[in-house]
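Data first, discussion second: the structure below is written as structure tokens.
All of the numbers you see were taken from the coordinates with simple rules; none came from a lab. The shown structure was predicted, so the numbers you read here are calculated from the model rather than taken from an experiment. Using ideal geometry, Cβ is built from the backbone for each residue, glycine included, and neighbour counts are taken over all protein chains shown.
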Amino acid sequence: MSTQTMEETKLVKSELLKDQVAIVTGSGRGIGLAIAKRLAAAGATAVITDLTQESADAGAKEITDLGFKAHGAVCNVTDVASVEKMAEEIMAKFGKINILVNNAGITKDTLFMRMKLEDWSAVIETNLTSIFKVTQAVIKHMSKANYGRIVNIASVIGMHGNMGQANYAASKAGAIALSKTIAKEYASRNITCNAVAPGFIDTAMTQKLKPEVKDQYMKFIPLGRFGQPEDVAEAVFFFASGGSYVTGQTIVVDGGMFM
Ligand code: NDP
């Protein structure tokens, strides 16, 4: 099945998430946008948040053009004021937040001995501390409603480490541990918190890698292809739509690379 056909199949409309509101951070493009589309196709209103209103609105338009519901909002996940403003705006507009996907992330790769503190801090702030900030702003509303589905986008690198990615690996390992802790603290409020750990997914983040690095990865992928954003979206959809007896878990979506 071609990627195009696969995406079309997965975007068949359903009503599983009808009347639900789903925030996806960093979803103007890439994996975040694919997740937002998947949730919107199942009936949710997808809140596309990104660094600029322009990018958020462009992502939201892609979804409304498909006939689904979406709303664009600015949210810099490293900035508490921006995060709180976004959460309050969504509560004022829709009155609820049922699903939160902490997706925004960056890389700043270099070998450990050359890594500058600012590159370490930028990655930890954007990939890990952001989950603390956004989840704190949102979970109080989920807690009052006695319902919530939180999914954090981690990485296989957070489970195995990787040369040149000390900051990234630490941030993603932290995301997995934080997911488990939130899962334990909020289970009694009917809020689940899980993680998805993608392998090599074909997005702007990986397109900047050198061809020889990509070839090297490909050798270790039994399914014989790089992942597509829609592959990750499918795992997020499971945690967001069903899986009510599953919490604190991490699903690996890597074509079998680390089995
Ligand atoms: P992209 O670089 O394609 O997209 C990242 C998105 O995050 C962009 O929309 C970007 O906005 C946004 N973003 C960056 N910084 C911030 C910020 N401070 N506040 C809000 N939004 C921000 O990456 P992917 O789609 O590939 O990655 C998505 C997630 O998946 C990340 O957490 C990544 O670590 C994870 N992942 C990706 C893998 C891959 O192979 N691609 C593998 C494993 C995990 P802008 O466009 O304005 O820069």
Difference of contour (0.36 nm per residue) and Cα-Cα distance, Phe94 to Met205: 36.8 nm
Theoretical gain in end-to-end length, His160 to Leu66 [0.36 nm per residue, Cα-Cα removed]: 30.0 nm
Burial ordering of Ser27, Ser130, fewest other beta-carbon atoms within 10 Å first: Ser130, Ser27
Whole-Hz couplings from phi, Karplus 6.51/-1.76/1.60, listed for segment 151-165; x for Gly and Pro: 10, 9, 8, 9, 5, 4, 5, x, 9, 10, x, 6, 4, x, 10
Label-point separation in nm, Ile124 to Met259, each point 7 Å along Cα→Cβ: 3.6 nm
Rg/Rh ratio calculated on Cα atoms of segment 171-259 (Kirkwood radius): 1.05
Sequence-distant lysines (8 or more away, or on other chains) whose Cα lies within less than 25 Å of Lys69: Lys10, Lys13, Lys18, Lys37, Lys61, Lys85, Lys93, Lys96, Lys140, Lys144
Diffusion coefficient, µm² s⁻¹, Stokes-Einstein with Kirkwood Rh over alpha-carbon pairs of the chain at 4 °C and 1.567 mPa s: 71 µm²/s
Volume in Å³ per residue [convex hull over Cα atoms, computed for segment 17-171]: 105 Å³
The chain, helix-only ellipticity at 222 nm - DSSP H runs n ≥ 4, -39,500 (n - 2.57), divided by all residues, nearest 500: -14500 deg cm²/dmol
Gain on full stretching of the segment that runs from Asp109 to Leu16 - 0.36 nm per residue minus C-alpha separation: 29.5 nm
Cβ-based exposure ranking for Ile191, Ile150, in which fewest neighbours within 10 Å come first: Ile191, Ile150
